[in-house]
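Some notes on the structure that comes next.
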Amino acid sequence: MSERNFFLSPKASKARLREAEEARKIRWDIVRAHSQGQVTRRDLIKMGLFTSAGLLLPIRGLSPFARSVYADAIPTGLPPSPFFGVQAFTQPMPRFDVLPRLAVSALNPAPTALSNQTQQAVDPALGGGFGPIEGRPPGAIWAHQQFSQLPPQVAIDVTQEGAKVNNVYNPGVASTLNSGINPANPFRPRFHPNLPNQDTLHLWTFNGTLPPKLMLGRYGEPILFRHHNKLPVSQSANGGFGIHTISTHEHNGHHGAENDGFTGAFFFPNQFYDYHYPIVLAGRNTINTTATDSRAGGPADNGGINKIPGDWHETMSTHWFHDHMFSFTAQNVYKGNAGMFNLYSALDRGAEDINDGVNLRLPSGRAADSGKSWGNLDYDVNLMLADKAWDANGQLAMDIFNFDGFLGDVMTVNLVYKPFFQVERRKYRFRILNASVSRFFKLSLSDGSPMIQIANDGNLLPNPVVLTELDEQGIAERYDIVIDFSRYSIGQSVWMVNLAEHQDGKKVSADLSLSEALSGNSSDPCVGKFLEFRIVRDPAKPDISQVPSTLIPNPDLSAIPVARQRVFEFNRGAGQTTNDPVTTFFGPWGIATDGGSTLAADFGRVSAAPSFGTREIWTLRNGGGGWDHPIHIHFEECQTLARDGSATNVPAWEKGRKDVWRLHPSGEVTITLQFRDWGGMFMEHCHNTMHEDNAMLLRWEIDDGGAPFLRPLPTPIPKPQGVTFQSPDDILPTAF
Ligand SMILES: [Cu+2]
């Protein structure tokens, strides 16, 4: 186990803890000044506080690993988050808060295909003058693609704003299925009833409230997601981290780029952005175009299937949505900009009693009892895992200057500290999201009993996999599992346990055995039990849910030629060839494309431009052995062809489609993907969001699918007074 950890033990001497608290104050003064725009990273380098690699120099007090006066060889560590006497497993776990699904006519102004450029006065803090009410870039290229063919049928109307009390909590299930929580009681913005309320500057969430938000959607029913930015107009009103400009990514929606939360298409306070999620099956223009296959579809209100065009093998289930602001994603997601999206289909109906030969009947709930033909949440539970830290006052806190990665010392589930969850003696589906900044998890149950993995990322696997330990789960990966609690007796408890120990944010330092993780000896405070399942009763009705041996086979790509291959190598020690103040960032991390040099992020650079309607093979390679990277490719789900050059290295739980891959130290993944249905600019990046922000991210685009797309696409430059465009400032020689 580690000798060196990010956080000091609470048992460290008072003097050591005091030294660490002083160090944290100095360090966070600099963090705050930087996040509020008072000092730039270039200034900090000039002042000698940064190395050119971006890391803070190990001056005592500025780095958690600087040498302490108390013991030369041992770093100080950060002081642990204060607990105010709170014990683990003493509060119920809140289910997600289901977002209301409104009629599109409830939106005022009505959504439009092109960005709504109606002018409004701009706050003087944002430069004054006038600017558009919608932050989406103007013009045909950023218009909603196929808006008239796929008009929105449901509206989701949300804000981003500072923490406040939730008086409209809707868990979507009865209180008995939510550990007895009475949703009529005000739900306060805090990590435990005995911890302080988070203030409006430190926690910024969807609608400003907890619990985190859940969107429910179904194939064939396009959603208009209107996101209002109600964050403070002053950049300094941020509690020391986070920025008030946002861009929302529906991870991993198969949508046009104008709805993908492009990192450079961010919008400002007092603006909104209309995201159009058509929720179509990939391949809709070439496969099952007459919509005759009943496996390709969405749940109908009458219990039947609304058939749609496209490939049913491309059906997705578990998504999430989160901020993608250029170079500020880690801070904004950590601050609360993250929700989940359950996507229902003919195959995955969310109604376990519908037995029509298509519905897989996964654990969810009964349509006959609820009257809901889809989306029953009774036994289908979203779990958002994230490590957090807070300051001496109990307010959320973050160190944005550790470019290796940020680790919290407090484990949260659904944004509360180590809760319990009451369950019945039957099967449950859990949709587990790793929503951390830099931490990987590895999950097991405290008694070592089996779990059935049914999905990886957004996708049901070809076949379920029985495991007593899940694989490591990187940032942004989703693992759907089924746990059968019928093997326990009423009154028993079993815990979910994290086996993955970190010493820093670069990678997992050790995957512990279950007994090691349970021993309490790890110096990583997020190792061990973090969620208690309390088995409280028998189900009122027998469990008729199923886990079929075949779920969703992969689409067959054998007849589709491979148009070309590309190689992306993820490295430390990036250079920057451009110097645009808006589109570039520099940092230690970068990506080398097709054997070129390792480049830091520039969203004005085109690194790859695959041709519309083709298929390619991409190799993602980790250029170093000292770190892992969970790499995310936007747009369409990929198939994993090989790990480290061999198909036999692809484990059973990665044999379906995926959108995030842990490369492993010095590891390599070979994937194949298609470019169809939509166009525009997309991204590829590390989802260790500290790496992503510093600056392991690139832009690729589909720009030859016909009007309105130009090759190459102009880069948006957002301002409160309106988005302007400029030509790409770099096009890599192998892009086209
Ligand atoms: Cu990374």
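The values are calculated or read from the model by the stated rules, or taken from the named source; none is laboratory data. Predicted model, so just to flag it, every value in this text is computed and none were measured. As a convention, Cβ positions derive from the backbone with ideal geometry for all residues, glycine included, and neighbour counts pool all protein chains shown. All accessible areas refer to the heavy atoms of the entire protein, side chains included, with ligands and DNA or RNA removed. Shrake-Rupley method; radii C 1.70, N 1.55, O 1.52, S 1.80 Å.
Of all residues assigned to the stretch 553-576, none qualifies as being closer than 30 Å to Ser486 by Cα, buried (at least 20 other Cβ atoms within 10 Å of the Cβ) and not polar (S, T, N, Q).
A quick yes/no check of all residues on (1) among the acidic types (Asp, Glu); (2) assigned to a loop (DSSP other than H, G, I, E, B); (3) open to solvent by less than 10 Å² (accessible area, probe 1.4 Å):
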| site | (1), (2), (3) |
| --- | --- |
| Glu250 | yes, no, yes |
| Thr263 | no, yes, yes |
| Ile287 | no, yes, no |
| Arg295 | no, yes, no |
| Asn302 | no, yes, no |
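Look at Leu620 and say whether it is within 16 Å of the ligand (Cβ to nearest atom) and open to solvent by less than 10 Å² (accessible area, probe 1.4 Å). Considered against the rule, which asks whether it is within 16 Å of the ligand (Cβ to nearest atom) and open to solvent by less than 10 Å² (accessible area, probe 1.4 Å), Leu620 comes out as yes.
Only one of the numbered conditions (1) in contact with a His (Cβ under 6 Å, 6 or more places away or on another chain); (2) closer than 25 Å to Gly626 by Cα is not met by Gly458, and that is (2). The single condition among (1) part of a loop (DSSP other than H, G, I, E, B); (2) touching a residue at least 40 places away in the same chain (Cβ under 8 Å); (3) away from the ligand (no atom under 16 Å from the Cβ) that Pro581 does not satisfy is (2). If you filter the stretch 699-716 down to residues that are open to solvent by 10 Å² or more (accessible area, probe 1.4 Å) and hydrophobic (A, V, I, L, M, F, W, C), you find that the one that is farthest from the ligand (Cβ to nearest atom) is Ala707.
Only one of the listed residues (Trp627, Trp653) is within 18 Å of Gln473 (Cα to Cα) and within 16 Å of the ligand (Cβ to nearest atom). That residue is Trp627.
Given the criteria within 27 Å of Gln453 (Cα to Cα), among the acidic types (Asp, Glu) and either out of contact with any strand residue (DSSP E or B) (no Cβ under 7 Å at 6 or more places or on another chain) or open to solvent by less than 10 Å² (accessible area, probe 1.4 Å) (or both), does Asp628 qualify? Yes, satisfied. Report yes if some residue within the stretch 703-720 is hydrophobic (A, V, I, L, M, F, W, C), more than 30 Å from Trp312 (Cα to Cα) and modelled with pLDDT under 95; otherwise report no. Yes, the stretch 703-720 contains at least one residue that is hydrophobic (A, V, I, L, M, F, W, C), more than 30 Å from Trp312 (Cα to Cα) and modelled with pLDDT under 95. Once the stretch 670-698 is narrowed to residues that are over 16 Å from Arg566 (Cβ atoms) and more than 16 Å from the ligand (Cβ to nearest atom), the residue that is nearest to the chain's Cα centre (by Cα) is Met681. Of the strands (runs of 3 or more DSSP E) lying entirely inside the stretch 648-707, those containing at least 1 residues that are of a type in the set (S, T, N, Q) are 668-675.
Here is a yes/no grid of residues against (1) surrounded by fewer than 24 Cβ atoms within 10 Å (Cβ to Cβ); (2) of a type in the set (Lys, Arg); (3) over 23 Å from the mean Cα position of the chain (by Cα); (4) within 29 Å of Phe635 (Cβ to Cβ):
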site: Asn459; (1), (2), (3), (4): no, no, no, yes
site: Pro464; (1), (2), (3), (4): yes, no, yes, yes
site: Glu469; (1), (2), (3), (4): yes, no, no, no
site: Tyr479; (1), (2), (3), (4): no, no, no, yes
site: Tyr488; (1), (2), (3), (4): yes, no, yes, no
site: Leu514; (1), (2), (3), (4): yes, no, yes, no
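Of all the criteria given as (1) open to solvent by 10 Å² or more (accessible area, probe 1.4 Å); (2) without any contact (Cβ under 8 Å) to a residue 40 or more places away in the chain; (3) part of a loop (DSSP other than H, G, I, E, B), the one not satisfied by Ala368 is (3). Checked across the stretch 598-616, the condition of being of a type outside the set (Gly, Ala, Ser), within 14 Å of the ligand (Cβ to nearest atom) and assigned to a loop (DSSP other than H, G, I, E, B) holds for no residue.
Filtering the stretch 659-669 for residues that are away from the ligand (no atom under 13 Å from the Cβ) and under 20 Å from the mean Cα position of the chain (by Cα) leaves a non-empty set.
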